1. Mind checking whether some residue in segment 134-157 is of a type in the set (Lys, Arg), assigned to a helix (DSSP H, G or I) and touching a residue at least 40 places away in the same chain (Cβ under 8 Å)?
2. Being without any contact (Cβ under 8 Å) to a residue 24 or more places away in the chain and within 16 Å of residue 45 (Cβ to Cβ) is the filter here, so list the residues in segment 98-119 that pass it.
3. Only one residue in 56, 98 is within 15 Å of the chain's Cα centre (by Cα), within 24 Å of residue 9 (Cα to Cα) and β-branched (Val, Ile, Thr), so which one is that?
4. Could you tell me whether any residue of segment 63-82 is part of a helix (DSSP H, G or I) and touching a His at 6+ places or on another chain (Cβ under 6 Å)?
5. Just wondering, is there one or more residues in segment 40-53 that are surrounded by fewer than 22 Cβ atoms within 10 Å (Cβ to Cβ), in contact with a Ser or Thr (Cβ under 9 Å, 6 or more places away or on another chain), in a strand (DSSP E or B) and acidic (Asp, Glu)?
6. For segment 11-29, which positions are closer than 15 Å to residue 113 by Cα and either outside any helix (DSSP H, G or I) or more than 17 Å from the chain's Cα centre (by Cα) (or both)?
7. Going through segment 54-81 one residue at a time, which ones are of a type in the set (D, E, K, R) and crowded, with 18+ Cβ neighbours inside 10 Å?
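Read-outs: derived from the displayed coordinates by stated rules, not from any lab. Not measured: the values here are computed from a predicted model. Every residue, glycine among them, receives a Cβ derived from its backbone with ideal geometry; neighbour counts consider all protein chains shown.
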Amino acid sequence: MTASAIPEIADTEGLAAWEATIPKGTARSFLDMVSKEAFSTGAQVMITRAEMTLGIDHLRSALYHAKRSMALGTNASDSLPMETLLYASGERQLSAAIRKMSADEETTKVIVALLDGRFQPHEGWSRLRVLDREEVFKRLSKFGISRKEIETIGGRRPEDLILEIVAAVDVLKK
């Protein structure tokens, strides 16, 4: 494989993401609706529980690593959204990634991430917001990172810890 065939972070510039509120019990139908719309335009989208996403940098890193693994032939899935979900979750197995990140019937807030192509957000969806410090702590704890561990990072942003988790998937997959 040539070096030019390996994606760079710039290859994620088309990434866009929105937060949407859905009624409890409608995750499956929401996923089906959004997937059909995306498929009709050739777009690739990923939907996650909002509480498991730490912002656009988290999604960008996961997308970059997913594209890179697909270019190198080390991917666990043939689907860009599934491979991105794997990296976003920090898990080694797709089944664990799905359990951790996917919207379920209790979910009321989701992230819709446009990974590739064109897709129009629905009215009422909002661009990802910057999380406040408490929300970052709460979401990082869902990834197994304690407040005490977060306090050891010095001047770095706590949400940057998720980027290390995403990058570690390459090691875990081996």
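1. Checked against the condition, which is being of a type in the set (Lys, Arg), assigned to a helix (DSSP H, G or I) and touching a residue at least 40 places away in the same chain (Cβ under 8 Å), segment 134-157 yields at least one hit.
2. 98
3. Of 56, 98, the one residue that is within 15 Å of the chain's Cα centre (by Cα), within 24 Å of residue 9 (Cα to Cα) and β-branched (Val, Ile, Thr) is 56.
4. No.
5. Within segment 40-53 (the criterion being surrounded by fewer than 22 Cβ atoms within 10 Å (Cβ to Cβ), in contact with a Ser or Thr (Cβ under 9 Å, 6 or more places away or on another chain), in a strand (DSSP E or B) and acidic (Asp, Glu)), the answer is no, since none of the residues qualifies.
6. 13, 14, 15, 16, 17, 18, 19, 20, 21, listed by residue number.
7. If we filter segment 54-81 for residues that are of a type in the set (D, E, K, R), which is where we start, we get 57, 60, 67-68, 78.
Listed by number, the residues that qualify are 60, 67, 68.
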